[in-house]
Amino acid sequence: MAMDEMIVLLAAQAATPKVVVNEALEAALRGLDRRIEALSAALEVEYLGPGIGMQDMDAEHVFRLVVRHHVWDVAHSGWGLKVCDALPNGGLRPMWPIYGVGRLRKQQLVKTLPAFFQGYMAAVVAAGKAQSSAGLELQALAESFG
């Protein structure tokens with residue numbers, strides 16, 4: 001699946017009442033993860049995004065989408081978008097890649113993509129990097145989500 005097709009699929013799912021988690025969505029999230037990894041490495045702008053904790057448990061604040069230089073372990077680190085532990089003692093520790101969360105949380109994650117891109121783009125603008133090639137590509141992604 002081409003990147004454009006992945007973004008169209010994710011944007012459409014974000015706008016529907018119920019996100020359908022299937023192989024196509026999984027592939028689209030993996031592709032988006034790789035694209036944001038490359039863009040965030042070029043931009044080097046941190047962003048603390050929306051919560052994706054379990055809404056029915058009033059726990060949206062527990063896990064958040066975070067763009068920054070993450071350290072997975074002593075051998076793996078780099079810029080990217082991860083689902084992080086956002087509790088005060090969690091230190092924004094990366095817990096999952098965006099495609100690695102469970103089915104229910106994946107539905108919430110897809111629903112938050114428009115807000116995520118809007119907020120991330122605002123952070124990039126504030127950092128003065130909106131006119132860079134990565135900033136312009138991020139702007140195009142954000143516009144895809146409305």
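The values are calculated or read from the model by the stated rules, or taken from the named source; none is laboratory data. Please read these numbers as outputs of a predicted model, since none were measured by experiment. Here the Cβ positions follow ideal geometry from the backbone for every residue, glycine too, while neighbour counts run over all protein chains shown. Remember, those area values only see protein heavy atoms, side chains included, never the ligands or the DNA or RNA. Shrake-Rupley method; radii C 1.70, N 1.55, O 1.52, S 1.80 Å.
Side notes on the structure shown:
- Pairs where the first residue, in the stretch 1-15, is under 18 Å from I98 (Cα atoms) and part of a helix (DSSP H, G or I) and the second is open to solvent by 60 Å² or more (accessible area, probe 1.4 Å) and among the charged types (D, E, K, R), C-beta under 6 Å, 6+ apart: A14/K111
- Of everything listed in (1) open to solvent by 20 Å² or more (accessible area, probe 1.4 Å); (2) in contact with a Phe, Trp or Tyr (Cβ under 6 Å, 6 or more places away or on another chain); (3) of a type in the set (A, V, I, L, M), the single unmet condition for A122 is (2).
- Total residues in the stretch 129-146, condition assigned to a loop (DSSP other than H, G, I, E, B), free of Cβ contacts under 8 Å to residues at least 40 places away in the same chain and open to solvent by 70 Å² or more (accessible area, probe 1.4 Å): 1
- The condition of being open to solvent by 70 Å² or more (accessible area, probe 1.4 Å), at pLDDT 95 or above and among the hydrophobic types (A, V, I, L, M, F, W, C) holds for V8.
- Exclusive hit being touching a residue at least 24 places away in the same chain (Cβ under 8 Å) and assigned to a strand (DSSP E or B), set V67, V101, V124: V67
- Those residues of the stretch 1-54 which are touching a strand residue (DSSP E or B) at 6+ places or on another chain (Cβ under 7 Å) and acidic (D, E), in sequence order: D33, E37, E44, E46
- When each of L92, L109, L65 is tested for being among the hydrophobic types (A, V, I, L, M, F, W, C) and over 21 Å from K18 (Cβ atoms), the lone residue that passes is L92.
- The residue of the stretch 27-52 that is most open to solvent (accessible area, probe 1.4 Å), among those that are of a type in the set (D, E, K, R) and either in a helix (DSSP H, G or I) or under 16 Å from K111 (Cα atoms) (or both), is R34.
- Any hit, the stretch 55-77, residues being in contact with a strand residue (DSSP E or B) (Cβ under 8 Å, 6 or more places away or on another chain), small (G, A, S), surrounded by fewer than 18 Cβ atoms within 10 Å (Cβ to Cβ) and within 27 Å of A24 (Cβ to Cβ): no
- For the stretch 16-26, the set of residues classified as open to solvent by 10 Å² or more (accessible area, probe 1.4 Å) and over 12 Å from M6 (Cα atoms) consists of T16, P17, K18, V20, V21, N22, listed by residue number.
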